[in-house]
Amino acid sequence: MILTNPTPHSFDLQQQSVIRSGSSYHPRLDAFNATLSVEDAAIDKSPFASMQLPAVHATAEAQVNVNQIVQITDMGQFTDYTKVVLASEKYRIAVRGRTGLHESGLPATTVDYNKVVTLKGMLCTIEVVILALIVMYHRFERAERFQRHILSDSSCTSFGWSKYGRQSLHP
């Protein structure tokens with residue numbers, strides 16, 4: 001899953017998935033609106049975003065490609081999601097929604113889609129975040145002033161940074 005072009009209310013989502021089925025049945029799922037939420041015991045599981053999933057015909061291997069602008073529905077939950085991604089080696093995200101299922105010769109029925117997937121997190125420390133901020137601000141005209149301010153800040157030295165670069169966190 002790739003999230004790009006964040007705005008205060010949305011982000012671009014690109015996801016390429018393969019749905020595999022060993023069943024002799026090959027139903028078709030209608031396109032549907034799905035919600036995204038973090039599956040973490042310490043976080044409320046309320047959705048942070050909603051997206052439109054395309055219709056799919058379930059065969060042995062069905063490709064599902066999503067490339068769309070996703071609206072953030074709860075900024076607090078999205079902030080929690082971001083923290084989990086940055087601070088975890090792995091994290092779980094739930095995709096939920098309701099859609100129609102069609103199998104030839106049978107009446108259509110409504111099904112609840114509930115898929116939880118485990119994704120690779122970034123396991124980011126505060127030092128990496130500070131370094132990323134410094135790199136980002138190097139692209140702006142005030143880079144030197146920002147860097148002097150950040151590196152002279154006492155809170156940064158407590159994370160092992162000094163005016164002369166990174167110091168060891170362990171004596």
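Just a few scattered comments:
- Within the range 1-96, the chymotrypsin sites (Phe, Trp or Tyr not before Pro) that combine a DSSP coil assignment with at most 16 other C-beta atoms in a 10 angstrom radius are Tyr25.
- Close amide H pairs (under 5 Å, H built 1.01 Å from N) link Ser88 with Met122, Leu123, Cys124, residues at least 5 positions away or on another chain.
- Other residues whose C-beta falls under 13 angstrom from the C-beta of Ile2 contribute a net charge of 0, scoring Lys and Arg +1 and Asp and Glu -1.
- Phi angles across the range 54-62 convert, under the Karplus curve 6.51 cos²θ - 1.76 cosθ + 1.60 with θ = phi - 60°, into 3J(HN,Hα) values of x, 5, 9, 9, 6, 10, 4, 9, 10 Hz, Gly and Pro given as x.
- Near His102, once Lys and Arg are set to +1 and Asp and Glu to -1 for all other residues with Cβ below 13 Å from its Cβ, the sum equals -1.
- Near Ile93, once Lys and Arg are set to +1 and Asp and Glu to -1 for all other residues with Cβ below 11 Å from its Cβ, the sum equals +3.
- Based on alpha-carbon atoms, the Kirkwood radius and the radius of gyration of the range 2-120 give Rg/Rh equal to 1.00.
A short reminder: the numbers here are calculations on the coordinates, not readings from a lab. Quick caveat: nothing in here was measured; it's all calculated off a predicted structure. Using ideal geometry, Cβ is built from the backbone for each residue, glycine included, and neighbour counts are taken over all protein chains shown.
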